Amino acid sequence: MSSAPVDPPQALAIIGAGFAGIGLGIQLRRAGYRDFTIFERRDQVGGTWHDNVYPGVACDVPSHLYSYSFRPNPSWSRFYAHGAEIQQYLHDAVRDEGLGAHLRLGVDVESMHWNEADRLWEITAQNRVQRARMLVVACGRLSEPRFPEVPGVQLFQGPSFHSARWDQSFDPRGRHIAVVGSGASAVQLVPHLAETARRVSVLQRTAPYIVPRNDHAYGTAEQRMFDRLPQTMEQLRARLFWRQEEGFAARALIPEALKAARVRALGHLSNQVHDPDLLARLTPAYELGCKRVLLSDTYYPAMQDPNVTLVSAALERVEAHALVAADGTRVDADAVIYATGFQSTRQPYATRVRGVGGVLLSEQWARGMHAFASTVVPGFPNMFVVNGPHASLGHNSAVVMIETQVKYILGALEHWSRTDRRPLDVLPELAETYDLQIQDLSKDTVWIRGGCNSWYLDEKTRRLSLIWPGPAADFRRRNGIFNPYDFSRSGPDAQPASEPTVPGTRTSEGPSVAAQP
């Protein structure tokens, strides 16, 4: 360790103040805990909703489902909330729940190190060391922008930035803007650029599946009903949840469900695009759901604007005033916006975390991210990862998954607080078998068999490491209950491990026993 000043130990340190970190902080305070700190490298809370402020940014999960179940919002203005409204929702949560005193904003954590002698974590930031008995990594999976690995990215002479690092001073009027990428951000951004820019060129490596958005505003009467009758929000949330759950059947390659989903998406395309050549180039060449399915009513019309050009090839290189695609197309542009996604499966924070024996989390995850119950990693005692390995969804709300993991962490903290406070280190054999079973569950899903190269798969090993290969309800049932017998202990009260399995039903004693899918 360095000679930096060391602060007194706290019970818990949380890294990240997005939906996960704020949600955990709220539940900690409601449970009576006050001895915790939330570190956030940005100057405001909000996570991805703080970072993504490009024109048109919005959520593609219904508002009443993309919010905390324990903090419903009767005032959502739309069925799908815009980014600024979600950001305000999180700011209001911090204020109303008294989290301000727990926040350290503008603090980029440099390292997290497990001190084996003192059995606690040491978090180094801004030349100080904060010690904590437990560490929660809630950095999210959409926090580090990814740029194309092609020559010349740094050579471009005009404005050039990632969509998640939007330049607020950028004026698109009169410009020829090249948008690299055709994923969720591009689909939201391009229609807005088409309204103001002189010309827009979209470099598309692969065409996305897009379904109708069908967004609508909530009227004053509906908002008043939600406010006066909170049970109506609960009922709506439940209906939305189960409606979203129906989308998993297509991801599981159930023929009838997959056909219906494909017909809906391709029907939306053919209804809006009539030029045969453009229709062909906007038609995906892989199975629906292999990549993220997008929602838009305005992208296809924008692609037919006379000032918008589709380049059906990946970016090959960047020059001072132009971009060159793999098919040789040259785009002479005076601004470049990279809507090219994030470092989702090789998380940069993993290079800053050291567990038992000084092992880096990135080394532990060399073959791909993995964690027992999608939350705890062997060799990293008292550490919990939220919204990390196998904790994402391709069909439902991420907030449901986050709340499940928060419940798990609260169970661990309660157990640790009322026992002898020995470090909680998950049994390696349980973690290994959990990962093997996850891979087995995923082998017959669209993410493995869908014929695409997606950000759900580890970029080196091609293992599914991000997505939970099942319904959200299954994740909630399996991974929401902390079981102390899944963790190694020493002493006379140690319990032997039984057959390690994916967490599911719980026995009265001994490790988790799997429930049937």
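The values are calculated or read from the model by the stated rules, or taken from the named source; none is laboratory data. Worth saying up front: this structure is predicted, and the values here are computed from it rather than measured. A quick note on method: Cβ atoms are made from the backbone with ideal geometry, for glycine too, and the neighbour counts reach across all protein chains shown. The protein model used for the area step is the full one, side chains on, heavy atoms only, and it has no ligands, DNA or RNA in it. Shrake-Rupley method; radii C 1.70, N 1.55, O 1.52, S 1.80 Å.
Using only Cα atoms, find the angle between the long axis of helix 255-272 and the longest principal axis of the chain, and express it within 0 to 90 degrees, rounded to the nearest 10. Value to nearest ten degrees: 40. Compared with the dominant Cα axis of the chain, that is its longest principal axis, helix 428-442 is turned about 30°.
Pairwise Cα distances in the chain exceed 31 Å for 48 percent of all pairs. In the range 286-307, whose amide N lies under 16 Å from the spot 7 Å out along Cα-to-Cβ of Arg449? List them in ranges. Zone members listed by number: 286-291.
Here each label is just a point 7 Å from Cα along the line to Cβ, and for Ala238 and Ala320 those points are 6.6 nm apart.
Between the alpha-carbon centres of the range 407-464 and the range 91-169 there is a gap of 23 Å.
Net length available on complete extension from Asn115 to Phe161 is 12.6 nm, with 0.36 nm assigned per residue and the Cα-Cα distance removed.
Residue ranges 244-253, 227-236 sort as 244-253, 227-236 when ordered by packing (mean number of other C-beta atoms within 10 Å per residue, highest first). Isolated cysteines of the chain, defined as having no other cysteine beta carbon under 4.7 Å away, are Cys59, Cys139. Calculated mean residue ellipticity, 222 nm, the chain: -8500 deg cm²/dmol, from DSSP H runs (n ≥ 4) at -39500 (n - 2.57) each, averaged per residue and rounded to 500. Straight-line reach from Lys443: taking Cα to Cα under 13 Å and skipping same-chain neighbours fewer than 8 places apart, the aspartates and glutamates in range are Asp435. Here the contact order of the range 242-370, divided by its residue count and restricted to Cα pairs under 8 Å and six or more residues apart, works out to 11 percent.
Report, to two decimal places, the Cα Rg of the range 61-200 normalised by 2.2 N^0.38 Å (N = number of residues).
Values: Rg = 20.5 Å, N = 140, 2.2 N^0.38 = 14.4 Å.
Dividing the Cα radius of gyration by 2.2 N^0.38 Å gives 1.43.
Computed from Cα atoms, the angle from the helix 230-245 axis to the main principal axis of the chain rounds to 70 degrees. Among the listed pairs Lys259/Lys291; Lys291/Lys407; Lys291/Lys460, those whose Cα-Cα separation exceeds 21 Å are Lys291/Lys407. The distance between label points at Thr461 and Ala313 comes to 3.6 nm (points 7 Å beyond Cα on the Cα→Cβ vector).
Over the range 20-173, what is the mean sequence separation of C-alpha contacts under 8 Å (at least six apart), divided by residue count, expressed as relative contact order in percent? Intermediate values should be presented prior to the final figure.
Numbers: 161 pairs, mean separation 42.5, N = 154.
So the answer I get is 28 percent.
When a/c reaches 1.5 or more, the comparison of a/b and b/c decides; with that in mind, is the range 386-453 rounded, prolate or oblate per its Cα gyration tensor? Taking the square roots of the gyration eigenvalues as a ≥ b ≥ c, the range 386-453 is oblate.
The heavy atoms of Arg104 present about 60 square angstrom of accessible area, all protein chains included, probe 1.4 Å.
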